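Notes to accompany the following structure.
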Amino acid sequence: MFQLNSIADRDQYYKLGVYCLTAFSLSAGLSIALSKIFLGMLLLIWIVRKFLIKGSKAYLFEAPLLNSQIYLITPMILWLVVALIATCAGIDFYSSIEELIKSSLHFLFPLLVLSVLNCSKNDAEATQLVVSLINCLALSMGIAAIHSFISSSLGFSIQPKIPGPVTESGQLTMIIPLVLGLCLSSSFQTDLKEKLFFGISLLLIALGSWPSSLGLDTHLGLVVTSIGLALMVVPTILDKYGSRRWPAILLVILLGSLIVNLKRGPWLGVFSAIFVYGLLSSKKLALSAVVVAATIFITFEPVRERAFDMVDHFNIGGGRGEIWALGMELVQRYPLGVGLDNASVIRKMNDQLPELHRHMHNNLLNIAVETGWLGLTIFCLWIFRLVYSCITRREAASDNDPVNILLLSTGCAVIAWQVAGLVEYNFGDGEVMLIAFCLTGFIIALVGIADRQQDRLQ
């Protein structure tokens with residue numbers, strides 16, 4: 001029988017932490033409520049272990065923090081301090097303080113991830129756990145993607161409902177670069193025939209999700225989508241080495257969902273991440289990203305229409321152009337910020353804005369509005385340090401080192417998140433932020449692993 005005092009045991013805490021993180025990863029793309037429940041369980045276990053049970057207080061996060069890890073954590077703490085100042089100086093204290101408490105819990109999540117990874121027996125086990133959690137996140141998003149395909153083919157959302165296309169696309173923006181890293185690792189290789197096979201599958205999945213583009217009714221569109229999925233899944237099941245193909249299958253499914261959701265910010269974010277990944281690892285990959293993006297643009301009419309409508313959507317009444325102008329006015333009037341969750345004041349400045357337009361549709365501008373110029377500066381410093389730490393450490397590692405692959409893919413995922421955030425406020429989407437902070441925990445842990453590896457080589 002489980003006893004509360006057993007949490008004091010490092011191995012027992014590690015086991016419970018792995019259960020919670022795995023459950024979170026498997027539910028992240030399907031239910032925000034479930035994913036938050038599992039994170040709440042992990043937080044409760046950590047609090048009990050650290051503050052209510054004797055004998056487990058040596059280190060707050062189970063191991064001493066390296067300078068390189070403190071380098072990544074410090075901007076997070078500073079940003080919360082600045083957000084507190086903005087809350088006190090802003091326009092609605094009670095609304096802001098509630099949001100600040102939520103943000104503080106979100107910022108604690110990376111450190112909880114770090115605490116679990118620090119309890120692993122060695123760095124190899126911690127690295128393997130990160131890979132396993134990425135696979136679980138991808139599987140969760142893959143299930144959500146198939147739900148999106150079927151709903152799009154039928155022309156209505158099937159039950160049970162899952163997070164909508166905005167949230168799903170925001171999550172895909174970060175998950176796709178991670179899965180790409182798994183596909184390009186030395187443990188997974190495909191020949192030209194298999195790559196062509198997956199390309200055809202992606203084409204059928206996307207075409208079947210828009211049956212009107214083929215002149216088909218909804219049921220035939222569903223058949224085309226099913227054929228595309230079957231072309232990937234069935235051969236893999238029959239192949240005794242098929243487990244090595246699963247990352248590529250998930251990548252195709254996730255890319256298909258990204259296309260079908262018709263969200264331009266995530267498109268730009270994923271393209272940027274893959275292109276940067278290619279520049280840092282393989283010029284062929286960078287060129288392939290351009291060719292695939294051009295092919296998708298030429299092939300799919302809904303994609304072309306969505307892209308061509310961008311300028312009109314920017315300039316219409318209540319569009320981003322008008323919202324961004326109001327945001328710049330607020331930044332000038334409130335240099336310390338209006339306080340967290342108070343960007344919705346723009347609706348009082350212009351009551352013609354649509355009801356749902358309560359933020360700036362831009363990460364940098366929204367952060368500047370709510371936390372002022374200082375908050376924006378610290379946020380940019382934090383993002384820079386995350387990406388810089390990933391890129392500089394992967395250069396010191398061998399190409400086949402799994403830590404190198406994970407650092408590069410997580411760094412590119414952060415790039416994708418922020419590029420998409422240039423035209424949407426994904427820093428304020430709870431479902432997206434949980435993924436982002438989970439990745440932050442991965443990066444902090446991987447940077448420590450990479451530094452310890454480097455020290456051992458010297």
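The values are calculated or read from the model by the stated rules, or taken from the named source; none is laboratory data. Just so it is clear, the model here is predicted, and its values are computed rather than measured. Methodologically, a virtual Cβ is constructed for each residue, glycine included, from the backbone with ideal geometry; neighbour enumeration extends over all protein chains shown.
When we screen THR410, THR377, THR440 for residues that are more than 20 Å from the chain's Cα centre (by Cα) and either modelled with pLDDT under 90 or not aliphatic (A, V, I, L, M) (or both), the only hit is THR377. Taking segment 259-318 as the region of interest, the helices (runs of 4 or more DSSP H) fully inside it that hold 1 or more residues being over 30 Å from CYS390 (Cβ atoms) are 283-299, 301-308, 310-315. Being hydroxyl-bearing (Ser, Thr, Tyr) and out of contact with any His (no Cβ under 9 Å at 6 or more places or on another chain) is the filter; apply it to segment 321-372 and report the residue that is surrounded by the most Cβ atoms within 10 Å (Cβ to Cβ). Looking at residues that are hydroxyl-bearing (Ser, Thr, Tyr) and out of contact with any His (no Cβ under 9 Å at 6 or more places or on another chain), I get THR371.
Scanning segment 35-66 for residues that are modelled with pLDDT of 85 or more and not aromatic (Phe, Trp, Tyr) yields a count of 11.
Counting only residues that are of a type in the set (S, T, N, Q), modelled with pLDDT under 85 and within 23 Å of GLU168 (Cα to Cα), how many does segment 253-294 have? So the count comes out to 2.
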